[in-house]
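The structure appears right after this line, and notes come after that.
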Amino acid sequence: MAEYEVFDPVDPNDEFKEYSNDRKHRWRNIIILVIIIAVGAYLLTGVYQVGPSEVALVKTFGAYSSTTGPGIHLHLPYPFQSHVIVDVRTINKIEIGFRTTSSGRTTSYVFVEEEAEMITGDQNIISIEAIVQYRVSDPVDYAFNVIQGDDLVKLTSESVLREMVALLELEKVLTTERDKVAMETARRIQEIMNDYEAGIQIENVYLQDVTPPDPVVPAFDDVNNARQDQQTSINEAQRYANDVIPRAEGEAVKILNDAQAYAYEQISKATGEAERFRIMLEEYRKSEEITKNRLILDSIQKMLENSKIKVISEKGDTLNFINIAEVMGGMIEMTKMTIWAVTIIIVFLGLFFGLTSFYIVEQTQQAVVLRFGEIKNVRTEPGVYVKAPFIDNVVKFEKKIYDL
């Protein structure tokens, strides 16, 4: 029996179809994976992170819609929503007239001459290096109304500072008005920022270096030294005035008090004498004869007490008289001495009363004449003047005290 080999023929088209189907499934899977990745990446564009000192402004179709704080947030992907991050806590710094080239332990600066040199109101040139510090106060205005915030602040600050310097003289900018220029510049810059609705808050303006140009520095130093010497002289004069004026015022008060006390004393003494005389007069009118005799006896007693001739009574009826010749001789000698003494006293009193009746006002003095504590005359011109002795009191003052 013959053997036969069974042959099952396979169609080549079936194998090709199977291979084609495998390839289609593979590409479809790849496309699906790519689409998933693309959709995921697209959705991830809506995830954003905001730093600790920042805020994020979310825009819906380009229009501002909300504000988010620090952290991780999610919004609809572009073009439905987008965001802008703004730093609102960091203090930004603008340098005018110089640039910081390195920082750290060693800081170096570069002088920018075209920014630093400015013209003052008296047509002098001055070199100013300034720092302007600012921060974002309104992130919405800052993000949507300002393109370059640093450039806006820098140009505005430089313009305002030049305007302020141009209104003042060189000396005032260097000395007394320096702080005022800084404060007024900060205020004016803030007004301009508010007008622009820039959302910027000016924190400080520092004029860290204000100097004249190098060629005039020696002359300016001489002016400063002269000004310091002037202030020193003024302080010394003020200290001298504070020392002299109180003492002069105290002496004047003391003199016035002494004059018033003397006036009260004299008035009291005169009042007492007048009262004593009035009492005696009343007693005299009550008993004229008795009072008259008592006054005569009092006068005789006073005369005998001062007399050199006395009658001495001893015990018994015999009276012993003194030697009249001896007494008379002594009395004559005493009389001569008395006359000389009286003459000297009269001359002395005349000179004393004459000298106390005149007073001299020097060229540097002025005098006040007080009578019983009240001002009678004021003498401001130099010369010799007359006053009532023991009644008028003259107080002299140095004019230079009042010229301080």
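The values are calculated or read from the model by the stated rules, or taken from the named source; none is laboratory data. Here the structure is a predicted model, which is why all the values come from computation and not from measurement. Quick reminder, even Gly has a Cβ in these numbers, built from the backbone with ideal geometry, and neighbours come from all protein chains shown.
Going through 202, 267, 245, 290 one at a time, which residue ends up being surrounded by 11 or more Cβ atoms within 10 Å (Cβ to Cβ) and touching a strand residue (DSSP E or B) at 6+ places or on another chain (Cβ under 7 Å)?
202
Return the only residue of 167, 155 being surrounded by fewer than 16 Cβ atoms within 10 Å (Cβ to Cβ), aliphatic (A, V, I, L, M) and more than 24 Å from residue 122 (Cβ to Cβ).
On inspection, the qualifying residue turns out to be 155.
Might you let me know whether the stretch 145-156 holds any residue that is touching a Gly at 6+ places or on another chain (Cβ under 8 Å) and aliphatic (A, V, I, L, M)?
Looking through the stretch 145-156, at least one residue is touching a Gly at 6+ places or on another chain (Cβ under 8 Å) and aliphatic (A, V, I, L, M).
Restricting the search to the stretch 238-275, which residues are under 23 Å from residue 396 (Cα atoms), touching a residue at least 40 places away in the same chain (Cβ under 8 Å) and among the aliphatic types (A, V, I, L, M)?
241, 244, 245, 248, 252, 255, 256, 259, 263
Looking at the stretch 133-150, I want the residues that are closer than 20 Å to residue 58 by Cβ and acidic (Asp, Glu) and have a partner that is in a loop (DSSP other than H, G, I, E, B) and modelled with pLDDT of 90 or more with Cβ atoms under 7 Å, at least 6 apart or on another chain. Which pairs are those?
138/199; 141/197; 141/198; 141/199
Here's a check for you: in the stretch 176-199, which residue that is assigned to a loop (DSSP other than H, G, I, E, B) and touching a residue at least 24 places away in the same chain (Cβ under 8 Å) is surrounded by the fewest Cβ atoms within 10 Å (Cβ to Cβ)? Walk me through it before giving the result.
Just the residues of the stretch 176-199 that are assigned to a loop (DSSP other than H, G, I, E, B), to begin with: 176-177, 197-199.
So of that shortlist, the ones also touching a residue at least 24 places away in the same chain (Cβ under 8 Å) come out as 197-199.
Numbers: 197: 14, 198: 21, 199: 22.
That would be 197.
If we keep just the residues of the stretch 58-84 that are hydrophobic (A, V, I, L, M, F, W, C) and not in a loop (DSSP other than H, G, I, E, B), which is surrounded by the most Cβ atoms within 10 Å (Cβ to Cβ)?
So the residue we want is 58.
Could you figure out which of (1) part of a helix (DSSP H, G or I); (2) within 28 Å of the chain's Cα centre (by Cα); (3) charged (D, E, K, R) isn't true of residue 209?
(1)
Residue 227: part of a helix (DSSP H, G or I) and among the basic types (Lys, Arg), yes or no?
yes
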